[in-house]
Every structure is written in structure tokens, then in C-alpha cells.
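Only the coordinates and a few stated rules stand behind these numbers; no lab work does. All values reported here derive from a predicted model rather than from experimental measurement. Cβ coordinates were reconstructed from backbone atoms using ideal geometry, including for glycine residues, and neighbour counts include every protein chain displayed.
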Amino acid sequence: MGGRYEGEPPQEDLRDFETYAAVRWSRLVRTAYLLTNGDHHEAEDLVQVTLAKIYLRWHHIQTLDAPDQYVRRALINNNTTRQRKRRVVQLLTPHLPEQRGPSGSENYETRSELFDALATLPPRQRAIVVLRYWECQSEQQTADLLGCSVGTVKSQASRALKKLRSSAALSEYAATMTHGE
């Protein structure tokens, strides 16, 4: 009758959702990439799961003052749920090998070291670092997204940055950058 399934948004909402998803896809994947410890496949899966979940509520979400905040929060929640579930360890590499020319090898190594260091953070601290320093969210916006106080964001960000600074790989990189080697 009418071609719609129970709970499916109206056709005009579907077009809006498709546009929204297409425009935000790459930004969401980049954020998810950091949340999933640099695993591109997991990042894409996380974004797909998140978009699938918000699809059925899109008619409501698009009317919010900040639908992007809602989607980011859903992305973080889905990542937290994903991490809680026991998973079989996959034998796939988390990323494709990149070309390592004379100029690209340092960039690749630095990025890899950063992802390794980021992976040592607990999920909440990682989410705070990603939101604050990758997504450029304010402390208040980060607190709102994570459902915590601004003080929690500040203290967790401080602890996370302290841990990242103490990372052997990153401190070696910082030392070479300081000495100009």
C-alpha cells in the first residue's frame, strides 16, 4: 500500500538523508578511523551502522538544531558498543600498504606512530581527543556529545595528552623535530 515499510521515512526525507549521508560520509569516516584505531574497514563499517540506525529516525533528527552533533554522538556510542562486544581477531591488516618514497616514508611512519599511540588510550579518552583536537569541538560541545561535564572533558583530555606525550614513539619523533634531524 503506498510502497513504504513500517517506520520508513517519507520519500522527501529519504532524499534529504541521502544528501546528508553523501556530503558527510568522508568526514564521518575520518572521525571513525581515529575512533577505530586506524582501521579503515572498521571505520567504514562503523559509519554504515551509524547511518543505518539514524535512517529510521531521520525525519526527527533533521529537525534538530544540531543534527551533526546527534550523528557524532551516535557514532561514538556505536563505537563504544562495538568495542564492548567480544570479537574474533581478524588476520587482515588494518590498512593498505602505502607507497613509501623518500618523502612519504616519514609521513607514513609518523601517522602510524600516532595511531599506535592513540590506540593505547581508553575509548572515552580517545573519543575526547578525537572530538577536541580532530573535530575541533569545544569543551562544552564535547561534553554535550559524550553526556558528561566540561570538567570531565578537561581532566580526561589532560590525562590523554599526558599519556600521548609519554609515548616512546611520539617522544622520539618530537625529539627529532626539536633537534631538526
Tally up the residues in region 28-58 that are farther than 18 Å from LEU145 by Cα and among the aliphatic types (A, V, I, L, M), please. 4
Scanning region 111-143 for residues that are under 16 Å from the mean Cα position of the chain (by Cα) and of a type in the set (Asp, Glu), the one surrounded by the most Cβ atoms within 10 Å (Cβ to Cβ) turns out to be GLU135
Is there any pair with a first residue in region 54-69 that is closer than 24 Å to VAL130 by Cβ and without any contact (Cβ under 8 Å) to a residue 12 or more places away in the chain and a second that is of a type outside the set (Phe, Trp, Tyr) and surrounded by 14 or more Cβ atoms within 10 Å (Cβ to Cβ) whose Cβ atoms are under 7 Å apart and which are 6 or more apart or on different chains, and what are they? ILE61/ILE54; ILE61/PRO67
